[in-house]
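What follows is one structure encoded as structure tokens, with my remarks underneath.
The values are calculated or read from the model by the stated rules, or taken from the named source; none is laboratory data. Please read all numbers here as calculations on a predicted model, not as lab measurements. Methodologically, a virtual Cβ is constructed for each residue, glycine included, from the backbone with ideal geometry; neighbour enumeration extends over all protein chains shown.
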Amino acid sequence: MPLTPKSAVFLGACCVAAIAAVGSIFELSSGQPQLGNLTTSIILAISVPAVGLLFYAAVRSANTSE
């Protein structure tokens, strides 16, 4: 599977979203999130599906370039 510039961007964004999701989980489990419960929960709710969608887009983009 070759890495194209488009799939690399999707994969990089997937990594950033995954880091945001893990960070949000740790912040919420600490009991006192720096950005507040609501903001951290919104970040978590957006980043979890984004990880799956961006990873799927990266794989699909790399497979169509063959």
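Does any residue of region 47-66 turn out to be aromatic (F, W, Y), more than 14 Å from the chain's Cα centre (by Cα) and exposed (fewer than 13 other Cβ atoms within 10 Å of the Cβ)? No, region 47-66 contains no residue that is aromatic (F, W, Y), more than 14 Å from the chain's Cα centre (by Cα) and exposed (fewer than 13 other Cβ atoms within 10 Å of the Cβ). Checking each residue in region 1-27 for being of a type in the set (S, T, N, Q), at pLDDT below 95 and in a helix (DSSP H, G or I) picks out only S7. Of the listed requirements (1) modelled with pLDDT of 95 or more; (2) loosely packed, with under 14 Cβ neighbours inside 10 Å, S30 misses just one: (1). Of all the listed residues (A45, A21), the sole one being under 30 Å from R60 (Cβ atoms) and touching a residue at least 12 places away in the same chain (Cβ under 8 Å) is A21.
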